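*Asks:* Before I ask anything, here is the structure I am working with.
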Amino acid sequence: MIYFIPARKDSKRIPNKNIIKLNGKPLIEYTFDAVRKVMDDKICGGPVYVSTDDESVVRMATEHGFNCLRRHEELCNDKAKMSDVLFDAVPYFEETEKDICVLYPTSPLRKSDHIKQAVQM
């Protein structure tokens, strides 16, 4: 399993939304914390890739030991399709992995158990 976190910097409604603090910590940290507990699991584990154009997100993801992919400028707007963002990232994924789980950083209530249950289904 590959865990893919798309986290572009700009947002029309909430600029820098991925790093805005929610209950004392950046929004994206909730996703980082949840996937960190899953990545080493024997059944559901796998590498984590973060696709971003935000240096703050790169720094945080690197501190967690995640793979950072610098997103191309043309994929950093609200018209970019997730399928295009994923196709752009595929060459960096480990060849042995076939399944991808996309984890949006705007879901702070999602826990590691939710990820495990989804993967097992």
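*Asks:* Let me spell it out: the conditions are (1) open to solvent by 70 Å² or more (accessible area, probe 1.4 Å); (2) modelled with pLDDT of 95 or more, and Pro91 meets all of them except one. Which number is the exception?
*Replies:* Every condition holds for Pro91 apart from (2).
*Asks:* Kindly indicate whether Val58 is without any contact (Cβ under 8 Å) to a residue 60 or more places away in the chain and surrounded by 17 or more Cβ atoms within 10 Å (Cβ to Cβ).
*Replies:* yes
*Asks:* Scan Val102, Val35, Val50 and give me the residue that is closer than 19 Å to Asn18 by Cβ, in contact (Cβ under 8 Å) with a residue 40 or more places away in the chain, surrounded by fewer than 16 Cβ atoms within 10 Å (Cβ to Cβ) and within 14 Å of the chain's Cα centre (by Cα).
*Replies:* Val102
*Asks:* Does Asp78 meet the test of being open to solvent by 20 Å² or more (accessible area, probe 1.4 Å), acidic (Asp, Glu) and touching a Ser or Thr at 6+ places or on another chain (Cβ under 8 Å)?
*Replies:* Yes, satisfied.
*Asks:* Next up: Which of the numbered conditions does Cys44 fail, given that it passes all the others? Conditions: (1) closer than 14 Å to Met1 by Cα; (2) at pLDDT below 95; (3) open to solvent by 40 Å² or more (accessible area, probe 1.4 Å).
*Replies:* The single condition Cys44 does not satisfy is (3).
*Asks:* Restricting attention to the range 15-28, does a residue exist that is assigned to a loop (DSSP other than H, G, I, E, B), at pLDDT below 95 and basic (Lys, Arg)?
*Replies:* no
*Asks:* Go through (1) surrounded by 13 or more Cβ atoms within 10 Å (Cβ to Cβ); (2) in contact with a Gly (Cβ under 8 Å, 6 or more places away or on another chain) for Asn67 and report which single condition fails.
*Replies:* Result: Asn67 fails condition (2) only.
*Asks:* To continue, here is another question. Which pairs do you get when a residue that is touching a residue at least 60 places away in the same chain (Cβ under 8 Å), found in the range 6-30, comes within reach of a residue that is open to solvent by 60 Å² or more (accessible area, probe 1.4 Å) and part of a helix (DSSP H, G or I), reach meaning Cβ atoms under 8 angstrom, with the pair 6+ apart or on two chains?
*Replies:* Ser11/Lys17; Leu27/Lys17
The values are calculated or read from the model by the stated rules, or taken from the named source; none is laboratory data. This structure is a prediction, so every number in the text was calculated from the model and none was measured. Every residue, glycine as well, gets a Cβ built from its backbone with ideal geometry; the counts of neighbours run over all protein chains shown. Just so you know, the surface numbers come from the protein's heavy atoms only, side chains and all, with ligands and any DNA or RNA stripped out. Shrake-Rupley method; radii C 1.70, N 1.55, O 1.52, S 1.80 Å.
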